[in-house]
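*Asks:* Structure provided below as structure tokens; questions to follow.
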Amino acid sequence: MWEYTDKVLDHFRNPRNVGVIDNPDGSGEVGSMACGDALKLTFKLDANKRIAEAKFQTFGCASAIASSSALTEMIKGKTLEEAEKITNQDIADYLGGLPEQKMHCSVMGREALELAIHNYRTGDTSGKILEGRVICHCFGVTEEEITRVVRDNHLTGVEQVTNYCKAGGACGKCRDDIAAIIAKINGLGPKNEQPRPPRPGRALTTLQKIKLIEETLEKEVRPALRKDGGDIELIDVAGNDVFVALRGMCANCQVARFTLKDVVEARLKEFVSPDIVVKEAPP
Ligand code: FES
């Protein structure tokens, strides 16, 4: 289970400025659904060229939603010159901190803002400012992006780079190249590589896990299902396999599989353990 600050949880549960502005002055979109998170940021300026309104739409985890919500609050009332000075660390600080494994959500927010300002100034909608040699082909991350994230956040290890921009987080073929970039920037060698951090999560007894699953279903899942006349029942827990049954309107819903994976499982991975697998209980 991720340890989130109260402010992260507040912005996740009560996100500010959700949506898309019609005819925005600037619009920026980063990430992709295929990679598990995507963010669209739009803003409108007032007569004094200050950001009067900012909205976001995101597909992502709790920290992606919280980071986007925080960013839209942070930039309101600022000039573009002031807004573009906001770093991903500023976004994390505003939220009272983010788990390091989730820092890429703050980087995504900063990149979306940068793209939206670029879009305002140039009209460019191509969706990428930092060009150059692609180092991580799995996530399409360039040398410039890695360089920047290392410099901005004083990173010293490949695992940290993965946490901040995802590069190196899949097949791992690019990890030597990332280490070389870090070494070049810091004048250090891969010997400074940090050991791979333990998988997020804390050791839970079976009873604690069941209670946490039930609590997460109650707080994070049922309110949304009940709005549509549905519900969910926890049937059994075997190791990391969680067996549930959808009830009410959800029981025969055509998108039940989506609900189980992208809503129920995603929330349980977020709040209980990243190893949770949700399965539909046999009738
Ligand atoms: S090329 Fe970077 S993780 Fe696969």
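The values are calculated or read from the model by the stated rules, or taken from the named source; none is laboratory data. In this text the structure is predicted, and so the values were computed from the model without any measurement. Every residue, glycine as well, gets a Cβ built from its backbone with ideal geometry; the counts of neighbours run over all protein chains shown. For accessibility, only protein heavy atoms count, side chains too; no ligands or nucleic acids. Shrake-Rupley method; radii C 1.70, N 1.55, O 1.52, S 1.80 Å.
*Asks:* Please go through segment 55-94 and pick out each residue that is over 16 Å from S106 (Cβ atoms) and modelled with pLDDT of 95 or more. Lay out the reasoning, then the answer.
*Replies:* The initial filter retains those residues of segment 55-94 that are over 16 Å from S106 (Cβ atoms), namely 55, 57, 59, 76-82.
Answer for segment 55-94, where residues must be over 16 Å from S106 (Cβ atoms) and modelled with pLDDT of 95 or more: K55, K76, G77, K78, T79, L80, E81, E82.
*Asks:* Having 3 or more residues that are open to solvent by less than 10 Å² (accessible area, probe 1.4 Å) and among the polar types (S, T, N, Q) is the bar; report the helices (runs of 4 or more DSSP H) wholly within segment 41-136 that clear it. Talk me through it step by step, then tell me what you get.
*Replies:* Values: elements: 62-75, 80-83, 88-94, 103-122.
In segment 41-136, 62-75 are the helices (runs of 4 or more DSSP H) which contain 3 or more residues that are open to solvent by less than 10 Å² (accessible area, probe 1.4 Å) and among the polar types (S, T, N, Q).
*Asks:* Something else now. If we scan segment 32-47, do we find a residue that is at pLDDT below 95 and of a type in the set (F, W, Y)? Reasoning before the result, please.
*Replies:* At the first step, the residues of segment 32-47 found to be at pLDDT below 95 are 32-40.
In the following step, the residues that additionally are of a type in the set (F, W, Y) were identified as none.
Among the residues of segment 32-47, not one is at pLDDT below 95 and of a type in the set (F, W, Y), which makes the answer no.
*Asks:* While we're looking at this one, here's another question. For segment 166-179, which positions are more than 8 Å from the ligand (Cβ to nearest atom), surrounded by 14 or more Cβ atoms within 10 Å (Cβ to Cβ) and free of Cβ contacts under 8 Å to residues at least 40 places away in the same chain?
*Replies:* Answer for segment 166-179, where residues must be more than 8 Å from the ligand (Cβ to nearest atom), surrounded by 14 or more Cβ atoms within 10 Å (Cβ to Cβ) and free of Cβ contacts under 8 Å to residues at least 40 places away in the same chain: just A179.
*Asks:* How many residues does segment 139-159 contain that are open to solvent by 10 Å² or more (accessible area, probe 1.4 Å) and part of a helix (DSSP H, G or I)?
*Replies:* Qualifying residue count for the region: 9.
*Asks:* Related question: Find the residue count for segment 258-281, including only residues that are in a strand (DSSP E or B) and within 15 Å of Y4 (Cβ to Cβ). Explain how you work it out, then say what you get.
*Replies:* First, pick out the residues of segment 258-281 that are in a strand (DSSP E or B): 277-280.
Checking the rest, the ones that are also within 15 Å of Y4 (Cβ to Cβ) come to none.
Final tally of qualifying residues: 0.
*Asks:* Which of the residues belonging to segment 172-196 are part of a helix (DSSP H, G or I) and at pLDDT 80 or above? Give the steps one after another, and end with the answer.
*Replies:* Of the residues in segment 172-196, the ones part of a helix (DSSP H, G or I) are 175-186, 190-192.
If the condition is that a residue be part of a helix (DSSP H, G or I) and at pLDDT 80 or above, then R175, D176, D177, I178, A179, A180, I181, I182, A183, K184, I185, N186 are the ones that fit.
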